[in-house]
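A short worksheet on the structure shown next.
The values are calculated or read from the model by the stated rules, or taken from the named source; none is laboratory data. Not measured: the values here are computed from a predicted model. Cβ sites come from the backbone with ideal geometry, for glycine too, and all protein chains shown count toward neighbours. The protein model used for the area step is the full one, side chains on, heavy atoms only, and it has no ligands, DNA or RNA in it. Shrake-Rupley method; radii C 1.70, N 1.55, O 1.52, S 1.80 Å.
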Amino acid sequence: MSETTSVIEVCIAGTGSYLPENILTNAELAIRVDTSDEWIVTRTGIRERRIAAEGEFTSHMASKAAKNALEQAGLAAEDIELIVVATITPDTPTPATACHVQAQLGAFKAVAFDISAACAGFLYAMKICKRLISDGAFKNALIIGAEKLSTVTNWEDRATCVLFGDGAGAAVLRRSEPGEGSIVATEMGADGSLTHLLEIPGGGSACPITGENVNKHLHTLTMQGKEVFKVAVNRMKEAAEKVIERAGWHPEDIACVIPHQANLRIIDAIADRLAVPNERVFVNLHKYGNTSAAAVAIALDEANRTGVFKRGDHIVLVAFGAGLTWAAAAIRW
Ligand code: COA
């Protein structure tokens, strides 16, 4: 699914993020499972991750990130007409986490719903909301990626528990004024024949919550890492190339690529294949690990707030996740 042109241009008016205070280092993980800082850093690039407090839910992190984004955009909660939360760790299976966020922000004029596209969810939300704004249905939207992956991590499985972390990132989308930036091209895709490569098998209608299923850790993430790795590199490269081509850009025109923050080796492989120098690829996974739908959103906010790119720069976001799903966006900032 893709599009190149729209009558009303849509820009990112503000970004925000929130990371829980509690830091879990590789050294601390090595006390729990048979791993080492050296193995984790060499294979993934991750050095530490954040873990939300017990009473801190996905919606709380989402709302904090959203408030930062609203403040930067100079908008109030009541200006928001649409809230989309991308998450695989909603507060509750129903209602949507976006509804909790709506109430926490006091954004009572907003339509609110969640989308489940795993790590690609924030960019799925971007494409959907861009279209809804450019069609004239809404003026201002909040898109949020938020996860409390610590609740779906098997802390006895060294192959997965070293990878994930908690956090949230948000962006305010609104109609562009003349001379402002815009989301130039977007892309998203999925391959449902590969659902088994990365999943939480329990907790849904196929495998409801029972004591036995929980004892078997079926409510936690399982992954065939090597297989996911290969598909991730290929699909992210293809998705990024599509939006770059549709935008009419060349690799040398791109000021910053913000990829999904899962594994530094995946990021390096993509940079290499896109022929974008490593110094133009934004990386923060050493601090936060893989925060699924939140990862690209947090990275976008950090890059924005630290001046990695400036108005008019061309940036590319690209992500990949369970489903398998992938998505990309080319943005003129
Ligand atoms: N510490 C130490 N050893 C570990 C380990 C850990 N945390 N996790 C796995 N190992 C071991 C394995 O048991 C295996 O041992 P063996 O050779 O004796 O069987 C060995 O390390 C190699 O494991 P393997 O799974 O082949 O490693 P890898 O190089 O593929 O790296 C991942 C594993 C998970 C880091 C890597 O496959 C990956 O990042 N995949 C993509 C994951 C991803 O991006 N997921 C999210 C998508 S949104």
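Here are a few things to note about the model shown:
- Test: residue in region 89-99 that is assigned to a helix (DSSP H, G or I) and more than 17 Å from the chain's Cα centre (by Cα): yes
- One residue stands out in region 106-126 among those that are part of a strand (DSSP E or B) and away from the ligand (no atom under 16 Å from the Cβ): the one that is farthest from residue 223 (Cα to Cα), namely 111.
- Within region 260-276, the set of residues being more than 11 Å from the ligand (Cβ to nearest atom) and of a type outside the set (Gly, Ala, Ser) comprises 268, 270, 272, 273, 274, 276.
Residue by residue, here is whether (1) among the acidic types (Asp, Glu); (2) farther than 27 Å from residue 316 by Cβ; (3) open to solvent by 60 Å² or more (accessible area, probe 1.4 Å); (4) at pLDDT 95 or above holds:
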| residue | (1), (2), (3), (4) |
| --- | --- |
| 199 | yes, yes, yes, yes |
| 243 | no, no, no, yes |
| 246 | no, no, yes, yes |
| 259 | no, no, no, yes |
| 262 | no, no, no, yes |
| 267 | no, no, no, yes |
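- Residue in region 311-333 that is farther than 23 Å from residue 194 by Cα, part of a strand (DSSP E or B) and open to solvent by 50 Å² or more (accessible area, probe 1.4 Å) present: yes
- Counted residues, region 206-231 - those being more than 19 Å from residue 165 (Cα to Cα), surrounded by 14 or more Cβ atoms within 10 Å (Cβ to Cβ) and within 13 Å of the ligand (Cβ to nearest atom): 2
- Every listed requirement among (1) buried (at least 19 other Cβ atoms within 10 Å of the Cβ); (2) out of contact with any strand residue (DSSP E or B) (no Cβ under 7 Å at 6 or more places or on another chain); (3) in contact (Cβ under 8 Å) with a residue 60 or more places away in the chain is met by residue 194 save one, (1).
- Residue-level analysis places residue 235 among those that are open to solvent by 40 Å² or more (accessible area, probe 1.4 Å) and under 30 Å from residue 204 (Cα atoms).
Per-residue answers, yes or no, for (1) open to solvent by 10 Å² or more (accessible area, probe 1.4 Å); (2) more than 13 Å from the ligand (Cβ to nearest atom); (3) modelled with pLDDT of 95 or more; (4) in contact with a strand residue (DSSP E or B) (Cβ under 8 Å, 6 or more places away or on another chain):
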{"residue": "128", "(1), (2), (3), (4)": "yes, yes, yes, yes"}
{"residue": "133", "(1), (2), (3), (4)": "no, yes, yes, yes"}
{"residue": "140", "(1), (2), (3), (4)": "yes, yes, yes, yes"}
{"residue": "143", "(1), (2), (3), (4)": "no, yes, yes, yes"}
{"residue": "155", "(1), (2), (3), (4)": "yes, no, yes, no"}
{"residue": "161", "(1), (2), (3), (4)": "no, no, yes, no"}
{"residue": "168", "(1), (2), (3), (4)": "no, yes, yes, yes"}
